[in-house]
Amino acid sequence: DYERIYLRPASVEQAGRVIDLLRALVDHLVDHPGALPADALEGGADDAGSPAVIHAAVRYVGGMTDRFACRSGVRLLGWSEDRLPVGLGLD
C-alpha cells in the first residue's frame, strides 16, 4: 500500500513541487531578508546570507501553511499557479 500511495509518479511529482517551492522561498528570503516580517529576525541582524537570516528564513518558511506558502511563491517568486503543488488553491 505504501508504494501504491506514496511512490506512485503523481505523488513523487507533487512532493518534488513542494520541495522546490520551500527551497526557493528559503533561498529568496536568505537573499532578501527585507521580505521577512520584522519580528522574524532575532536581534535585528539582517545581513543577506548571514547565519541569523538563514535561521530566520528556515523558521519562517517552516511555519507557513500550505496555502500561504503557495501564495508566497506567486507573490515573492513570481511563480505561476501551474508550477505550484496541485490541489491547494490560493483562495
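The values are calculated or read from the model by the stated rules, or taken from the named source; none is laboratory data. Here the structure is a predicted model, which is why all the values come from computation and not from measurement. Here the Cβ positions follow ideal geometry from the backbone for every residue, glycine too, while neighbour counts run over all protein chains shown. Side chains included, ligands, DNA and RNA excluded: accessible areas come from the protein's heavy atoms. Shrake-Rupley method; radii C 1.70, N 1.55, O 1.52, S 1.80 Å.
Spot the failing condition for ARG17; the list is (1) open to solvent by 90 Å² or more (accessible area, probe 1.4 Å); (2) basic (Lys, Arg); (3) closer than 24 Å to GLY78 by Cβ, and only one is missed.
(1)
In the set VAL30, VAL12, which member is open to solvent by less than 40 Å² (accessible area, probe 1.4 Å), within 27 Å of PRO85 (Cβ to Cβ), in contact with a helix residue (DSSP H, G or I) (Cβ under 9 Å, 6 or more places away or on another chain) and not charged (D, E, K, R)?
When all the criteria are applied, what remains is VAL30.
Restricting attention to region 28-35, does a residue exist that is free of Cβ contacts under 8 Å to residues at least 12 places away in the same chain and not in a loop (DSSP other than H, G, I, E, B)?
Checked region 28-35: no residue is free of Cβ contacts under 8 Å to residues at least 12 places away in the same chain and not in a loop (DSSP other than H, G, I, E, B).
Report yes if some residue within region 48-58 is free of Cβ contacts under 8 Å to residues at least 24 places away in the same chain, in a loop (DSSP other than H, G, I, E, B) and not small (Gly, Ala, Ser); otherwise report no.
no
Does at least one position in region 66-76 carry a residue that is touching a Pro at 6+ places or on another chain (Cβ under 9 Å) and acidic (Asp, Glu)?
So far as region 66-76 goes, yes, one or more of its residues are touching a Pro at 6+ places or on another chain (Cβ under 9 Å) and acidic (Asp, Glu).
Pull up region 52-75, narrow it to residues that are more than 10 Å from the chain's Cα centre (by Cα) and open to solvent by less than 60 Å² (accessible area, probe 1.4 Å), then point me to the one that is modelled with the lowest pLDDT.
ALA52
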